[in-house]
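Colleague: My structure is below; once you've seen it, I'll send some questions.
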Ligand SMILES: [Zn+2]
Ligand SMILES: [Zn+2]
């Protein structure tokens, strides 16, 4: 049996779709049949060529990291998920989208998302199915995986192992507490999930910024108390002033950068009240710089970076979805579906940089 794998062979060129023999899982491994894979902001960075300073592996880079699938085959010795629930062929699975080495000092202390040996999956190297823009995904032995609760529909599972895990970890690293004010820069997939999770964690006011009206409206449906359209508030000064007004002169306790623009760090620090925390998540492209005035940090303002999540967060996220599935319109998050074969049509449509798009989250379906 063969399956398709999407790879980026050269920046700025269309992705290529290659076919490989589907591997039989080795003992301890699991093969998933992908059911959907999200187009995340970081995938758009690769497609756009923003990461031109990051060298591609020799045969290209396998694309896609977030997504969900069903068990296609279990390797010898695998009969349960990571929480000892029995699993069998056809069961729906959410797996950790971080593939660390489990060997370095950071992995050993549990920070697998900061693994020093993590790299981009090379195309054409066994077991081939190492990204989610594929018919299958190979989970190596001991890789964390979780059975999906029956109450959850397929369509709300795609973003769990990227957007939702990432923003939840960011809020936890900021130490968000009951009654605090949260500002979210960017109402894409990350921002919408951050809104819902911040409210669930006890935030009093969530204020979200974006230029796309449809995204801001969706954020309101997910619990945002205030929206700031940056087309209207089109300078940093007016946006900062607006945040201080909307927080009754207290400023934000947490600001999350989910867009990937360095200058939002400087802007976000000015939105924070003393003691508040700026969480950097969106700036995944190296080489962008911003200058800040360090004296602004003296009264307890913090800057923390956050990337992905620890795998033990995933069951918590699934429980969050079960708890909120009838309260929040998760079914609206995925606005567009494209067949995997149309990956090169899907990306230009999902592009939001410097333009309007009606897409909130697009997924590829094998
Ligand atoms: Zn992602
Ligand atoms: Zn490691």
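Colleague: Hey, among the residues in segment 20-56 that are within 16 Å of ligand 1 (Cβ to nearest atom) and assigned to a loop (DSSP other than H, G, I, E, B), which one's modelled with the highest pLDDT? Walk me through it before giving the result.
Modeller: Within segment 20-56, the subset within 16 Å of ligand 1 (Cβ to nearest atom) is 34, 36-48, 50-51, 54.
From the residues that got through so far, the ones that are assigned to a loop (DSSP other than H, G, I, E, B) too are 39-40, 50-51, 54.
On the way: 39: 91, 40: 87, 50: 82, 51: 75, 54: 81.
Applying the filter and picking the extreme gives 39.
Colleague: When you go through 112, 130 one by one, which is the residue that is more than 16 Å from ligand 2 (Cβ to nearest atom) and either within 21 Å of the chain's Cα centre (by Cα) or at pLDDT 95 or above (or both)?
Modeller: Values: 112 fails: more than 16 Å from ligand 2 (Cβ to nearest atom).
Going through 112, 130 in turn, just one is more than 16 Å from ligand 2 (Cβ to nearest atom) and either within 21 Å of the chain's Cα centre (by Cα) or at pLDDT 95 or above (or both): 130.
Colleague: Let me ask something additional. Could you identify the single residue in 186, 179 that is in contact with a helix residue (DSSP H, G or I) (Cβ under 9 Å, 6 or more places away or on another chain) and on the phi > 0 side of the Ramachandran plot? Steps first, please.
Modeller: Working: 179 fails: in contact with a helix residue (DSSP H, G or I) (Cβ under 9 Å, 6 or more places away or on another chain).
When all the criteria are applied, what remains is 186.
Colleague: Okay, next question. Is there a residue being under 20 Å from residue 317 (Cα atoms) and not assigned by TED's automatic domain parsing to the domain that holds residue 260 anywhere in segment 3-16? Full working, then the answer.
Modeller: Applying the first criterion (under 20 Å from residue 317 (Cα atoms)) to segment 3-16 yields none.
Among the residues of segment 3-16, not one is under 20 Å from residue 317 (Cα atoms) and not assigned by TED's automatic domain parsing to the domain that holds residue 260, which makes the answer no.
Colleague: Follow-up question, since we're still on this one. Of all residues in segment 5-19, how many are closer than 13 Å to residue 124 by Cβ and either assigned to a strand (DSSP E or B) or without any contact (Cβ under 8 Å) to a residue 40 or more places away in the chain (or both)? Let's see the steps before the verdict.
Modeller: Quick first cut of segment 5-19, residues closer than 13 Å to residue 124 by Cβ only: 5-9, 16-19.
Subsequent filtering for residues that are either assigned to a strand (DSSP E or B) or without any contact (Cβ under 8 Å) to a residue 40 or more places away in the chain (or both) retains 5-8, 16-19.
The number of residues fulfilling the criteria is 8.
Colleague: Can you confirm whether segment 93-107 contains a residue that is without any contact (Cβ under 8 Å) to a residue 24 or more places away in the chain, farther than 14 Å from residue 142 by Cα, within 16 Å of ligand 2 (Cβ to nearest atom) and assigned to a loop (DSSP other than H, G, I, E, B)? Give the steps one after another, and end with the answer.
Modeller: Going residue by residue through segment 93-107, those that are without any contact (Cβ under 8 Å) to a residue 24 or more places away in the chain are 100-101, 103-107.
Cutting the leftovers down to farther than 14 Å from residue 142 by Cα gives us 104-106.
Remaining after also requiring within 16 Å of ligand 2 (Cβ to nearest atom): 104-106.
The next check asks that each one be assigned to a loop (DSSP other than H, G, I, E, B); those that pass are 104.
There is at least one residue in segment 93-107 that is without any contact (Cβ under 8 Å) to a residue 24 or more places away in the chain, farther than 14 Å from residue 142 by Cα, within 16 Å of ligand 2 (Cβ to nearest atom) and assigned to a loop (DSSP other than H, G, I, E, B).
Colleague: Follow-up. Does segment 14-36 hold any residues that are touching a helix residue (DSSP H, G or I) at 6+ places or on another chain (Cβ under 7 Å) and buried (at least 18 other Cβ atoms within 10 Å of the Cβ), and which are they?
Modeller: 15, 35, 36
Colleague: Being on the phi > 0 side of the Ramachandran plot, in contact (Cβ under 8 Å) with a residue 40 or more places away in the chain and surrounded by fewer than 24 Cβ atoms within 10 Å (Cβ to Cβ) narrows it down to one of 249, 202, 223, so name that one.
Modeller: Numbers: 249 fails: in contact (Cβ under 8 Å) with a residue 40 or more places away in the chain; 202 fails: in contact (Cβ under 8 Å) with a residue 40 or more places away in the chain.
Step by step, each of 249, 202, 223 is checked, and only 223 is on the phi > 0 side of the Ramachandran plot, in contact (Cβ under 8 Å) with a residue 40 or more places away in the chain and surrounded by fewer than 24 Cβ atoms within 10 Å (Cβ to Cβ).
The values are calculated or read from the model by the stated rules, or taken from the named source; none is laboratory data. What you see is a predicted model, and the numbers here were worked out from it, not measured in a lab. Glycine also receives a Cβ, built like all others from the backbone with ideal geometry; neighbour counts cover every protein chain displayed.
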